[in-house]
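What follows is a single structure, written as C-alpha cells, with notes after it.
The values are calculated or read from the model by the stated rules, or taken from the named source; none is laboratory data. Predicted, not measured: the structure shown is a model, and the values here were computed from it. With ideal geometry, Cβ positions are generated from the backbone for all residues, glycine too; neighbour counts draw on all protein chains shown.
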Amino acid sequence: MFPGCCTGMDDRDIIHHLTNRLGRSDIPPYADAEVARFVERAVQSGVVLGRWTLPRGARTPWWESVRSVRRVLATTALTMLVVTIGRTLFQQHPAETIVQQYHTAPGRRLTVQLAGGSTMILGPATSVEVTSSAIAVTGEAYFAVVPHPEHPFVVHTANTVVRVLGTRFSVRQYVDEAQSRVAVDAGRVGLRLRGAHADTAAQTVVSARMCAQISDSGVTVMSGTAAGTYTDWTRGMLVFNKVPLREVVAELTRTYGADIRIVDTTLANRRMRIDVAVSEESLSQVLDVIGDVANAHYVRDGHVYVVTPGRAPLPTHHGIPVRQPFPQLEQSYGR
Amino acid sequence: MAESLLQLYFSTPAADETPRPAGIASRHATLLDTVRHDVHHVHDDAVDMDRIDIALVQRIHAGDAGAFDLLIRGHFTALVRFAASFVGTRDAAEDVVQDVLTRLWMRRHHMPTTGSVRAFLFTATRNHALNVLKHNRVVARSMEMLSREQSIASRGSDEATRDALARLDAVIVTLPERQRSALALRYGQGLRVAEVAAVVGISTKAAEQLLVRALRTLRAAVASEHS
C-alpha cells in the first residue's frame with residue numbers, strides 16, 4: 001500500500017509540488033524583447049573576444065569594421081561642426097573667448113600653470129577648456145588656486161558649477177558618468193547645479209577633507225577618510241575601497257591607456273580593495289595582483305587585456321606542460 | 001548665452017544609439033519559416049522542436065546571431081528557472097545564464113548538431129551554476145527562503161498537507177545534487193528522461209533509476225510522520 005495516503009498526498013501531489021518548487025515557477029516567463037537583450041550582450045562580448053579565440057574563418061568580416069569607421073567619422077564631423085559653431089558664436093562675445101584648450105590622452109597626466117599663479121593638474125583622458133571667466137572640465141582635474149577676491153575662480157562640469165576663492169580641490173566628471181565629484185583638500189568651495197541660477201539657487205558649501213557627489217537629484221556630501229583618497233591620483237596613487245571590479249578596470253583603462261575587458265559578470269561585480277602606485281607598478285603587475293585576489297587571470301593581445309575567471313593554465317610547449325622552476329624561496333620568505 | 005553654449009558643448013551625450021546588430025528582429029519571421037521548411041517530420045512535437053533546434057545550430061555555426069537569438073528564446077525562461085534552483089535568486093540565475101550565453105556564442109563551433117540541443121544548453125547551465133556555487137549551503141539557504149514564502153502562500157490548505165510540504169522541502173534540500181538536478185529537469189522543466197540522462201551524464205536507464213530513487217525518498221518523507 002502506498003504509505004503517503006494518511007496525509008492525503010499521493011505521487012501526483014509530490015510531482016506537482018516539484019514542478020512549482022524545483023521548477024521555480026515563481027520566476028515569470030521572459031518576454032522576447034528581454035531575451036533579445038541578453039543574447040545581444042552575449043553576442044557583442046563574443047565578437048570582442050572573437051579576435052583571438054575563434055579560428056580565422058570566424059573573425060569579424062571587413063564590412064563590420066568599415067561601418068564602425070564610418071560611425072567614428074560621423075561623430076568626428078559632428079563634433080567639429082559643434083566646435084566651429086561654438087567658436088563663431090563665442091567670437092561675437094569677446095569677454096568669453098576661449099583662452100586655451102588642454103587635452104590628455106589615456107595614460108597621461110598634465111600640469112598647467114594658469115594665469116594668476118594657480119595650478120591645474122589634468123587626469124588621464126581629460127579635456128579642459130579655459131575661458132576668461134570659467135574653466136570647463138570633462139574628465140578629472142585638480143586645482144590649486146591662488147585667491148584673487150576680485151576674480152572668482154569658476155569651474156564647470158557637465159552638471160555642476162564650482163565657485164572658489166583660494167583652495168586646493170579635485171573635480172571629476174567623465175563623459176560616461178552621470179554624476180560629478182568634487183573633493184576638497186584645503187579651503188572651501190561653493191557648488192550649485194548647472195541649470196540653477198547663480199543668485200537664487202542654494203549653494204552647497206564643501207569644506208576641507210570633504211567630498212561631494214552631484215547628480216541631477218541633488219548633492220551628497222561625505223567626510224572622513226574616503227574623501228582624502230579622491231585626490232590621491234595627483235600623487236600617482238589609485239585607492240579602491242570595496243569598489244566593483246568593473247569600475248576598478250574602467251579607472252585602470254584610463255590611467256594606463258590600455259583596453260581592459262572582463263568576460264564574466266560575476267567577476268565584474270566582485271568588490272575589490274586594492275591600492276595602485278601608478279608610477280611604480282606596471283599594468284601587468286596590477287592585473288596579477290587582482291588575479292591573485294579574485295581568482296582570475298588575464299590574457300594579453302597588444303594593448304587589449306582580457307580578464308577571465310579561474311587560474312591561468314600551466315604554460316605548455318607543443319601541448320606538453322612545462323615544468324615550473326622551483327618556487328622562489330626568497331620571495332616567499334618576504335625578502 | 002555663452003553659458004548655455006558651454007552647457008551644450010559639454011553636456012553628456014544622449015544615450016548611445018547603436019543599431020541592433022544586423023536587424024535581428026526583422027529577420028525572425030522569415031528565418032523561422034525557412035527553418036520550419038527544412039524540417040519535414042512534424043509527427044512528434046518534441047522531436048520537431050529538436051529538429052528546429054538543430055537547424056538553428058547549423059545556422060549559428062555559420063555565424064548567424066539571429067538564429068542564436070531564436071534558439072535561446074525557446075529555452076531562456078527554463079534555463080533561468082533551472083539555474084535559480086541552484087543559486088537561489090533570480091538575479092544570480094540571470095547572471096549565470098548570461099555567462100553561459102556569452103561562452104556559448106564564443107565557442108559556437110562546439111555546439112552539437114546531433115541529439116538534443118536542449119540537453120546541451122541545460123548541461124552548460126548546470127556546469128556553470130555548479131562552478132558559481134561554492135557551497136551547498138547556498139542552496140539550502142535559498143530553499144529555506146523559498147519555504148518561508150511558500151508557507152505563507154499555502155496558509156489556506158489544511159495543516160497536515162502543510163506539514164507534509166514542509167518536510168518535503170527539507171528533504172529536497174538534503175538530496176544529492178544529481179538527484180535534485182534530475183528532479184528539477186524532469187518535473188521542473190519537463191525534459192525527457194533521455195535528456196535528463198544526457199545533462200547529468202549517465203545512461204537513460206540509470207537516469208530512470210535515479211528519478212525513482214529520488215521520488216522514493218520524497219514519498220518516505222511525506223509518510224514518515226505516520227509510520
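Results, tabulated for the structure shown:
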| quantity | calculated |
| --- | --- |
| Residue check, A:Thr157 within 11 Å of chain B (Cβ to nearest Cβ) and closer than 12 Å to A:Leu122 by Cα | no |
| Residues that are out of contact with any helix residue (DSSP H, G or I) (no Cβ under 6 Å at 6 or more places or on another chain), in a loop (DSSP other than H, G, I, E, B) and under 26 Å from A:Thr265 (Cα atoms), drawn from region B:103-121 | B:Arg107 |
| Selection count, region A:89-105, where residues are modelled with pLDDT of 80 or more and surrounded by 13 or more Cβ atoms within 10 Å (Cβ to Cβ) | 3 |
| Residues (under 24 Å from B:Phe76 (Cα atoms) and within 9 Å of another protein chain (Cβ to nearest Cβ)) located in region B:186-227 | B:Arg186, B:Tyr187, B:Gly188, B:Gln189, B:Gly190 |
| Output for region A:249-305, where each listed residue is among the small types (Gly, Ala, Ser) and within 14 Å of chain B (Cβ to nearest Cβ) | A:Ala268, A:Ala294, A:Ala296 |
| Strands (runs of 3 or more DSSP E) enclosed by region A:200-302 - at least 3 residues per element that are under 25 Å from A:Gln179 (Cα atoms) and in contact with a strand residue (DSSP E or B) (Cβ under 7 Å, 6 or more places away or on another chain) | A:204-206, A:210-215, A:218-223, A:237-244, A:259-262, A:271-277 |
| Residue within region B:163-172 that is buried (at least 23 other Cβ atoms within 10 Å of the Cβ), away from every other protein chain (no Cβ under 11 Å) and in a helix (DSSP H, G or I) present | no |
| Test: residue in region B:44-63 that is at pLDDT 80 or above, buried (at least 19 other Cβ atoms within 10 Å of the Cβ), under 25 Å from the mean Cα position of the chain (by Cα) and not in a helix (DSSP H, G or I) | yes |
| Residue satisfying condition, being hydroxyl-bearing (Ser, Thr, Tyr), part of a helix (DSSP H, G or I) and modelled with pLDDT of 85 or more, within set B:Ser181, B:Ser142, B:Ser147 | B:Ser181 |
| Positions within region A:130-159 being within 19 Å of the chain's Cα centre (by Cα), without any contact (Cβ under 8 Å) to a residue 60 or more places away in the chain and not in a loop (DSSP other than H, G, I, E, B), in sequence order | A:Val137, A:Thr138, A:Gly139, A:Ala141 |
| Condition check for A:Ala125: of a type in the set (A, V, I, L, M) and on the phi > 0 side of the Ramachandran plot | yes |
| Count - residues of region B:202-227 that are assigned to a loop (DSSP other than H, G, I, E, B) and modelled with pLDDT under 90 | 1 |
| Residue that is modelled with the highest pLDDT [pool: residues in region A:160-175 that are hydroxyl-bearing (Ser, Thr, Tyr) and either in the same structural domain as A:Thr255 (by TED's automatic domain parsing) or not in a strand (DSSP E or B) (or both)] | A:Tyr174 |
| Output for region B:55-90, where each listed residue is charged (D, E, K, R) and within 10 Å of chain A (Cβ to nearest Cβ) | B:Asp69, B:Arg73, B:Arg81, B:Arg90 |
